[in-house]
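The values are calculated or read from the model by the stated rules, or taken from the named source; none is laboratory data. Note that this is a predicted model, so its numbers are computed, not measured. Virtual Cβ from ideal backbone geometry, glycine too; neighbours counted across all protein chains shown.
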Amino acid sequence: MVLTPTRELGIPVEDQAMMIGKGLPFKTALVVGGDPIARQLYRVPQGVELGSTLRKESMVVEVVCRYPLA
C-alpha cells in the first residue's frame, strides 16, 4: 500500500505503477477521498498488488477493515 498526502500525488503513483506493470499480472487500486468508496474498491476483491490511497487515517482503516491485507 502506498500512502500519498493528496489526490494529485496519488493519481501519478497509480499511473506509474500501471506503466511499470504493463504486460504483467499486476493490478492496482486507487482510493481517494471525495469519491464514493464502493466505486473505487471494486478491484480490491479481485486482488491487487499495489494499492494507493490518501494519507487519511479513516480512509486507510476503512479499506483495511473491508479487505484485510494478505
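Could you list, in sequence order, the residues of segment 17-32 that are surrounded by 14 or more Cβ atoms within 10 Å (Cβ to Cβ) and under 25 Å from Glu62 (Cα atoms)? Outline the logic, then answer.
Looking only at segment 17-32, we keep the residues that are surrounded by 14 or more Cβ atoms within 10 Å (Cβ to Cβ), and these are 17-18, 21, 27-32.
Listed by number, the residues that qualify are Ala17, Met18, Lys27, Thr28, Ala29, Leu30, Val31, Val32.
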**OP:** Within segment 10-23, identify whether any single residue is on the phi > 0 side of the Ramachandran plot and modelled with pLDDT of 80 or more, and answer yes or no.
**Re:** yes
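Please indicate, with yes or no, whether at least one residue in segment 46-60 is surrounded by 10 or more Cβ atoms within 10 Å (Cβ to Cβ), assigned to a helix (DSSP H, G or I) and either touching a helix residue (DSSP H, G or I) at 6+ places or on another chain (Cβ under 7 Å) or modelled with pLDDT of 80 or more (or both).
Looking only at segment 46-60, we keep the residues that are surrounded by 10 or more Cβ atoms within 10 Å (Cβ to Cβ), and these are 47-56, 59-60.
Of the ones still in play, those that are also assigned to a helix (DSSP H, G or I) are 59-60.
If we keep only those that are either touching a helix residue (DSSP H, G or I) at 6+ places or on another chain (Cβ under 7 Å) or modelled with pLDDT of 80 or more (or both) as well, we get none.
Within segment 46-60, none of the residues are surrounded by 10 or more Cβ atoms within 10 Å (Cβ to Cβ), assigned to a helix (DSSP H, G or I) and either touching a helix residue (DSSP H, G or I) at 6+ places or on another chain (Cβ under 7 Å) or modelled with pLDDT of 80 or more (or both).
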